[in-house]
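So the structure is just underneath, and the comments pick up after that.
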Amino acid sequence: LDNSNNKNIMGLTNSRWYWTKNKKGENIKEKKSYIIYILDTLPKNKFDAILAHEYLHVWLRQNNLIYPSSTTEGICNLGAFSIYKATNNQFSNIQLEIMEKDSDPDYGVGYRNMKQCLETKGWKKLIKEIKNGKAFKCNSN
């Protein structure tokens, strides 16, 4: 694990792919497995937000949706955003403010780009575009 870009890692999704081959050596069956790691000493709101973020990593990988890091992390941070918005307490509001001010190109800028898209298009249209590999077009309406 290269953690040089993010010193404050609190969650991680480990993905593994397995293939079954036929007698000709061709891949005939694919199996994917995921393990989500999260620090266990976090406040519940933070734990839930990180879990939502990591679940979105699983969803993207399960659906073979490959995007640049800023788009991927932006999409995944919408999970954390949703948890904090739904919780709507002082801790969550502080976390949302931190996310809004984050200068990281992936976790901050990528998140704000995807949040703007969510606000413009709504969940249903955004999810459809992400599933169709069109999250790049998010900010072009």
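The values are calculated or read from the model by the stated rules, or taken from the named source; none is laboratory data. All of these numbers come straight from a predicted model, not from anything done at the bench. All Cβ positions, glycine included, derive from the backbone under ideal geometry; neighbour counts span all protein chains shown. Areas reflect the complete protein model, heavy atoms only, side chains present, ligands, DNA and RNA absent. Shrake-Rupley method; radii C 1.70, N 1.55, O 1.52, S 1.80 Å.
For this structure, a couple of remarks:
- The alpha-carbon of Lys124 sits under 22 angstrom from the alpha-carbons of these lysines, leaving out residues fewer than 8 places away in its chain: Lys85, Lys115, Lys134, Lys137.
- Dipole magnitude of the stretch 19-129, debye to nearest 20 (Cβ charges: Lys/Arg +1, Asp/Glu -1, about Cα centre): 740 debye
- Other residues lying with their Cβ under 12 Å from the Cβ of Asn93 contribute a combined charge of -1, Lys and Arg counting +1, Asp and Glu -1.
- Heavy atoms of Glu129: accessible area, 1.4 Å probe, square angstrom to 10: 30 Å²
- In plain terms, the chain from Lys128 to Ile36 could stretch by 30.6 nm, reckoned as 0.36 nm per residue minus the Cα-Cα distance.
- Residues Leu51, Leu65, sorted by accessible area with the largest first, give Leu51, Leu65 [1.4 Å probe; ligands and nucleic acids excluded].
- Lys31 sits among other residues whose Cβ lies under 15 Å from its own Cβ, and their net charge, with Lys and Arg +1 and Asp and Glu -1, is +4.
- With contributions of -39500 (n - 2.57) from each DSSP H run of at least four residues, the per-residue ellipticity at 222 nm computed over the chain stands at -17000 deg cm²/dmol.
- Highest GNM mean-square fluctuation among Leu56, Leu96, Leu42, for the chain modelled with Cα contacts below 10 Å: Leu42.
- Our note on the geometry: Cα centres of the stretch 63-122 and the stretch 15-49, 23 Å apart.
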